Amino acid sequence: MKDPHLILGIGELLWDVLPDGMRLGGAPANFAVMAGRLGDRAGILSRIGRDELGRQAVDRLDPMPVETSFLEVDLAHETGRVTVSFAGDEPQYTIHEPAAWDFLEISDEWVQLVERADAICFGSLAQRNPQSRQTIQTLTAETSAACIRVFDVNLRAPFYSAEVFQESLELATVVKMNEDEAPLVLELLDVAVEEEPACSKPQSQTEEAHPAANFLRTAAERLLQEFPALQMAAITRGSRGSLLVTREEWNEHPGFPVKVADHIGAGDAFTAAITHYMLRGADLATLNEAGNRWGGWMASQSGAMPALPDSVRDAIAAAIEKASF
């Protein structure tokens, strides 16, 4: 039997302080936990404080299918926290600083891990501090040519810059962002978007994209033109699904109706799902189906690491497999 793929989330591990309590999160950590739940060998490369929240983080992760032995412990800085409030269903974040994950340090163990990794995910938020930024970019550069390198755009003001986006997109093979982030990324990078998208054919569909997706498709195509290492752009649209674009084709998915508990972690579940299926050679339609089913399920739950019964996991996997035929 073939060994499971090694997938790593690199960056922030933190506690979301919600109105009804505290839940563990951080986009790379959420991504890694979801990858582990899908059957991959998953690990988190992050840093916690030598404090009660750090101990609680490890305790919370221990029962999950994700490796925590790679976590660094910081003697000088506290485990990260984010205060989360809500405007309707949409979360609003106050990201406290400094935090332990701002001070990621290169180690031989981390370098050896990324050299063996089949896929990694890193974001813009964890690069707000120069030390972690250097560590993340160095680790990303140490991956193999075959490694899927996902850059997850996290526009959390004021913790982003054109320079971080430029450097990250030069290293990434996949960029994932939401429909609100896409125009801001292009504006920051000073990348112009033409009125009409290029004439690439949609994958497994003959109809034209919904007009609202035309700008997003053009934006994705422009990023693919600007950054030669990029192989795919993924743009999520909340309840309206998502758009996947490569240089050869594109696919739009309408999403699934769900009763939303909150949106925390939904994008990370989407990213983990498409990465999992990319490693298995799935086509764009299957990637979109998987991303939307898992993202929708996460949105229907509270927090980013809810319980996942085997029956639910198996049912979603079966639905994705059925849709791929």
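Each row is one residue, and each column tells you yes or no for (1) touching a His at 6+ places or on another chain (Cβ under 9 Å); (2) crowded, with 17+ Cβ neighbours inside 10 Å.
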{"residue": "GLU12", "(1), (2)": "no, yes"}
{"residue": "PRO19", "(1), (2)": "no, no"}
{"residue": "GLY26", "(1), (2)": "no, yes"}
{"residue": "PHE31", "(1), (2)": "no, yes"}
{"residue": "ILE44", "(1), (2)": "no, yes"}
{"residue": "LEU53", "(1), (2)": "no, yes"}
{"residue": "ALA57", "(1), (2)": "no, yes"}
{"residue": "GLY80", "(1), (2)": "yes, yes"}
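Pairs, please: C-beta under 7 Å, at least 6 apart or cross-chain, first residue β-branched (Val, Ile, Thr) and in segment 67-96, second surrounded by fewer than 12 Cβ atoms within 10 Å (Cβ to Cβ) and part of a loop (DSSP other than H, G, I, E, B)?
Pairs found: THR68/ASP62.
Looking at (1) at pLDDT 95 or above; (2) within 23 Å of ARG133 (Cα to Cα), which one does ALA157 not meet, given that it meets all the others?
So the condition that ALA157 fails would be (1).
Would you confirm whether any residue within segment 247-259 is surrounded by fewer than 20 Cβ atoms within 10 Å (Cβ to Cβ), closer than 24 Å to ILE44 by Cβ and of a type in the set (A, V, I, L, M)?
Taking every residue of segment 247-259 in turn, none turns out to be surrounded by fewer than 20 Cβ atoms within 10 Å (Cβ to Cβ), closer than 24 Å to ILE44 by Cβ and of a type in the set (A, V, I, L, M).
Name the helices (runs of 4 or more DSSP H) wholly within segment 207-325 that hold at least 2 residues that are closer than 23 Å to ARG37 by Cβ, touching a residue at least 12 places away in the same chain (Cβ under 8 Å) and not polar (S, T, N, Q)?
It comes to 266-278, 284-299, 310-323.
Across segment 84-124, what is the number of residues that are outside any helix (DSSP H, G or I) and over 18 Å from GLY54 (Cβ atoms)?
20
Quick one: how many residues across segment 1-44 are farther than 24 Å from HIS77 by Cβ and in contact with a helix residue (DSSP H, G or I) (Cβ under 7 Å, 6 or more places away or on another chain)?
Residues meeting the conditions: 8.
Residues that are closer than 28 Å to ASP16 by Cβ, surrounded by 14 or more Cβ atoms within 10 Å (Cβ to Cβ) and among the acidic types (Asp, Glu): does segment 123-145 have at least one?
No - not one qualifying residue is present in segment 123-145.
What are the pairs, 6+ residues apart or on separate chains, where a residue within segment 28-42 that is of a type in the set (Lys, Arg) has its Cβ under 8 Å from a residue that is crowded, with 24+ Cβ neighbours inside 10 Å?
ARG41/ILE7
Give segment 51-81 a look and list any residue that's assigned to a helix (DSSP H, G or I) and not aliphatic (A, V, I, L, M), or say none. Lay out the reasoning, then the answer.
Step one: of segment 51-81, the residues assigned to a helix (DSSP H, G or I) are 52-61.
Answer for segment 51-81, where residues must be assigned to a helix (DSSP H, G or I) and not aliphatic (A, V, I, L, M): GLU52, GLY54, ARG55, GLN56, ASP59, ARG60.
Give just the number: which of (1) surrounded by fewer than 17 Cβ atoms within 10 Å (Cβ to Cβ); (2) polar (S, T, N, Q); (3) at pLDDT 95 or above does THR218 not satisfy?
Every condition holds for THR218 apart from (1).
Do we find that VAL17 is among the aliphatic types (A, V, I, L, M), free of Cβ contacts under 8 Å to residues at least 60 places away in the same chain and farther than 22 Å from PHE151 by Cα in this structure?
So VAL17 does not fit the description; no.
When you scan segment 160-193, how many residues do you find that are in a loop (DSSP other than H, G, I, E, B) and either under 21 Å from GLN134 (Cβ atoms) or not small (Gly, Ala, Ser) (or both)?
9
Conditions tested, residue by residue: (1) modelled with pLDDT under 95; (2) closer than 16 Å to ALA27 by Cβ; (3) crowded, with 20+ Cβ neighbours inside 10 Å.
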residue: PRO63; (1), (2), (3): no, no, no
residue: SER69; (1), (2), (3): no, no, no
residue: HIS77; (1), (2), (3): no, no, no
residue: GLY88; (1), (2), (3): yes, no, no
residue: LEU104; (1), (2), (3): no, yes, yes
residue: SER107; (1), (2), (3): no, no, no
residue: VAL111; (1), (2), (3): no, no, no
residue: VAL114; (1), (2), (3): no, no, yes
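The values are calculated or read from the model by the stated rules, or taken from the named source; none is laboratory data. Since the model is a prediction, treat every value here as computed from it, not as a measurement. Reconstructed Cβ throughout: ideal geometry from the backbone, glycine too, with neighbour counts over all protein chains shown.
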